[in-house]
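To start, the structure under review is shown below, and the notes come after it.
The values are calculated or read from the model by the stated rules, or taken from the named source; none is laboratory data. Bear in mind the structure is a predicted one, so any value in this text is a computation, not a measurement. Backbone-built Cβ (ideal geometry, glycine too); neighbour counts: all protein chains shown.
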Amino acid sequence: MNQSITKLSKFSSAVDADIFEHASSLGFGDIHFKHDPDSGLRSIIAIHNTRRGPALGGCRCIPYPSTEAALHDVMNLARAMSYKAAMAKLPLGGGKAVIIRPDHITDREALFEAYGSFVDELGGRYISSVDSGTGVADMDIVARKTKFVRSTSDGGDPSPSTAMGVRRGIEAAVKHQLKRDDLEGTHITIQGAGHVGYYLAKELHSLGAILTMCDVNNSAVERCADEFGVTIVPANEIYKITADVFAPCALGAVINDKTINKLNVSIIAGATNNALASNKHALILHNKGILYAPDYVINAGGLMQAWIRDEQALREKIYGIYDTLTALFNRAKENHVSPALIVDQIAEEIIFGTASN
């Protein structure tokens, strides 16, 4: 695949080598940088793949310790979006954007207008939507500058759709791993009480699940306690809770060398992108007998909403996450591997035309 990394002249040669090596390993693609001094915008858009259609993906606006950290994050997320769209059988490629959040945003409208102009410069190869640190109101501002945007007020917040898909994925995992037909009495821990975490708790509470949650935002998790009767634990204690399912719904790489041996669950199934710090953690989970629901399959509901306008068709597509994961779990079991280690192969078969799509 052609690799064209653009506008890297300000980076040192050592960092450039790392970027190109990482880009090659992920199968890129192109990467675009934008600095707008007037608004304070520092943004990166990574377009991983457009074989199946334009690259649709969220814009993340969070602090990063360095530009290199932001770059590696956006590249990994963009690749996951390619695979997510493929597994969801949508006519889309994969891309992602990050805005390196300044310590203080003095004019949010100016910031997102500048970002909208950046998106527009790419001529539709990338379509923006919401992600961590951005919301529908931000995409409305972006829409002033470009038509290549979703998750605006016209389309609505994708969080409920993401949560619905995660709930369907949890149901599939519980059926496969625990042989249960419903979630009544199933103990599920949720890491993160943000938009998706909140709606996931709502979905699971309505089905009779027992919920334990954490969040660094006390008001967010207290809201879930008030509305859904969840048990609140400190953020650093969530990994140690004995439960049936752990549902990470915050930032990525939460399953890592420090946390993996603390887990006392049968299933990991949540909305977090890139929940595993590396593939070795998928192998460790498999050897421990813990079923992992690959993130970019289970959390595809938001992407589906961003693309599918018909409500009935959208609901059917989201509900189909159950069947997609069931087939994936069965294939992984037959091959004696973790679902996380076989799903990339399936996605690549779809993207590169060697499987029925």
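For this structure, a couple of remarks:
- Among the candidates A163, A247, A173, A193, the residue that is part of a loop (DSSP other than H, G, I, E, B), of a type outside the set (V, I, T) and buried (at least 20 other Cβ atoms within 10 Å of the Cβ) is uniquely A193.
- Any chance K147 is free of Cβ contacts under 8 Å to residues at least 40 places away in the same chain and surrounded by fewer than 18 Cβ atoms within 10 Å (Cβ to Cβ): yes
- Checking every residue in the range 215-236 against the condition of being in contact with a helix residue (DSSP H, G or I) (Cβ under 8 Å, 6 or more places away or on another chain), under 17 Å from R167 (Cβ atoms), among the aliphatic types (A, V, I, L, M) and in a loop (DSSP other than H, G, I, E, B) gives at least one match.
- Members of the range 92-115 that are surrounded by fewer than 24 Cβ atoms within 10 Å (Cβ to Cβ), farther than 24 Å from I19 by Cβ and free of Cβ contacts under 8 Å to residues at least 60 places away in the same chain: D103, H104, R108, E109
- Criterion: in a helix (DSSP H, G or I) and not charged (D, E, K, R) - qualifying residue of A97, A80, A46: A80
- The single residue among A209, A313, A243, A269 that is in contact (Cβ under 8 Å) with a residue 24 or more places away in the chain, of a type in the set (G, A, S) and closer than 22 Å to A86 by Cα turns out to be A269.
- Only listed residue being touching a His at 6+ places or on another chain (Cβ under 7 Å) and surrounded by 24 or more Cβ atoms within 10 Å (Cβ to Cβ), chosen from I255, I321: I255
- Qualifying residue in the range 311-319 (condition: of a type in the set (F, W, Y), closer than 19 Å to A172 by Cα and either more than 22 Å from the chain's Cα centre (by Cα) or in the same structural domain as N287 (by TED's automatic domain parsing) (or both)): yes
- Test for G208: is it more than 17 Å from F246 (Cβ to Cβ) and at pLDDT 95 or above: yes
- Looking across the range 205-231, the residues that are closer than 25 Å to I62 by Cα, of a type outside the set (D, E) and surrounded by 18 or more Cβ atoms within 10 Å (Cβ to Cβ) come down to M213, C214, V221, C224.
- Among residues of the range 326-338, those that are under 20 Å from G165 (Cα atoms) and out of contact with any Lys or Arg (no Cβ under 8 Å at 6 or more places or on another chain), counted: 4
- Candidate set from the range 264-291 (those that are among the aliphatic types (A, V, I, L, M) and assigned to a strand (DSSP E or B)); member that is nearest to V130 (Cα to Cα): L276
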